[in-house]
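Below is one structure, written out as C-alpha cells, with a few remarks after it.
The values are calculated or read from the model by the stated rules, or taken from the named source; none is laboratory data. What you see is a predicted model; the values in this text were computed from it and never measured. FYI the Cβ positions are ideal-geometry reconstructions off the backbone, even for glycines, and counts take in every protein chain you see.
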C-alpha cells in the first residue's frame with residue numbers, strides 16, 4: 001500500500017514539525033502492484049467493514065452496489081472509522097495501481113470488489129503509476145508517494161485548464177478541478193523550496209531528474225512526449241489571474257493551511273518550477289537514460 005495525496009505530502013514535509021499540518025478529509029491508499037491490487041483491496045475492505053467502518057454518507061454512493069451494476073456505476077470504497085459519525089468527517093479511500101502492461105494505458109479504470117456486504121469498485125488513474133516509483137518508506141512501515149511524483153501525475157493529468165468544476169469548498173465556492181490539482185503542484189513545489197531552505201538541500205533541483213527516471217521506468221513508450229508537454233497546464237494556470245487566485249485558495253485550505261501563502265509567493269514558485277523543473281524535464285536526453 002502506498003499513501004498518496006495530501007496525507008502523504010503532510011507526512012513528508014511535516015512529520016517532525018508539530019507546528020505545521022495539512023488539512024484534508026480523505027486518506028488515499030493505493031494498492032500496488034496492479035496484479036495484486038484487487039485482492040488486497042478486497043481483503044482490506046472486508047476487514048474494515050467487519051470492524052464497523054461504514055460507507056461515507058452520500059445520497060448516491062452511500063451503500064454497497066449489486067452484481068449486475070457496471071464497475072463504473074458501483075460505489076468506490078470510501079469508509080469512515082466507527083467513531084467518525086460523531087467526532088470527525090475524515091474517511092479512507094482505496095485505489096488501485098493502474099495497469100500499464102498493455103500499451104501503457106493512462107486513463108481511468110475501475111475494478112470490482114466483492115464483499116459480504118455487497119459490491120464496490122476501486123478506481124485507478126493511469127498517471128498514478130508514477131507514484132509507484134521509489135515511494136518513501138516511513139518508520140510506521142507504510143510507504144508514501146514522493147512529492148515530485150504526485151506533482152508530475154497531476155501535471156500530466158491536466159495539460160490544460162478544463163471546464164470540469166468540483167462541488168463547492170467549505171465556503172460553498174465551486175472550484176475547477178484542474179485549478180485544484182495544478183494548485184497542488186505549486187503547493188508541493190512551495191513546500192519543497194521551504195524544506196530546501198531549512199535543511200540546506202536542493203530537492204527541487206533533482207525533481208526533473210527523478211521525473212525523467214520515473215517516466216522512463218514506468219511509461220517508456222511515451223516518456224519523451226509526456227515530458228515535453230508536462231508543463232502545459234501549469235503555464236496556462238500561471239497566465240490567468242483568476243485561475244491562480246482559485247488555485248491559491250484551494251492551497252491555503254489544504255496543503256498550505258499552516259502557512260497562509262500569498263499570490264505573489266505562489267507565482268514566484270510557479271516561475272521557479274517552470275525554469276528549474278519543467279524546462280529541464282522537457283530537454284531530457286532520453287538516449288542517455290539507463291535503469
> Can you tell me which residues in the stretch 29-58 are in contact with a helix residue (DSSP H, G or I) (Cβ under 7 Å, 6 or more places away or on another chain) and part of a strand (DSSP E or B)?
Replying inline: 30, 31
> Just checking, how many residues over the stretch 14-32 are out of contact with any strand residue (DSSP E or B) (no Cβ under 8 Å at 6 or more places or on another chain) and either farther than 12 Å from residue 191 by Cα or at pLDDT 95 or above (or both)?
Replying inline: 7
>> So if I check each of 116, 101, 88, which one is at pLDDT below 95, surrounded by fewer than 17 Cβ atoms within 10 Å (Cβ to Cβ) and closer than 16 Å to residue 26 by Cα?
In response: 88
> Name the helices (runs of 4 or more DSSP H) wholly within the stretch 150-264 that hold at least 1 residues that are assigned by TED's automatic domain parsing to the domain that holds residue 7, more than 18 Å from the chain's Cα centre (by Cα) and at pLDDT below 95?
Replying inline: none
> Counting only residues that are farther than 12 Å from residue 93 by Cβ and free of Cβ contacts under 8 Å to residues at least 40 places away in the same chain, how many does the stretch 59-69 have?
Replying inline: 4
>> Quick test of your reading of the structure: residue 47 fulfils all but one of (1) modelled with pLDDT of 95 or more; (2) within 30 Å of residue 218 (Cα to Cα). Name the failing condition by number.
In response: (2)
> Which of (1) touching a helix residue (DSSP H, G or I) at 6+ places or on another chain (Cβ under 8 Å); (2) farther than 20 Å from residue 231 by Cβ; (3) touching a residue at least 60 places away in the same chain (Cβ under 8 Å) is the odd one out, the single condition residue 166 does not satisfy?
Replying inline: (3)
> Do we find that residue 197 is crowded, with 16+ Cβ neighbours inside 10 Å and out of contact with any helix residue (DSSP H, G or I) (no Cβ under 8 Å at 6 or more places or on another chain) in this structure?
Replying inline: no
> Which of the residues belonging to the stretch 174-190 are under 19 Å from residue 259 (Cα atoms) and without any contact (Cβ under 8 Å) to a residue 40 or more places away in the chain?
Replying inline: 181
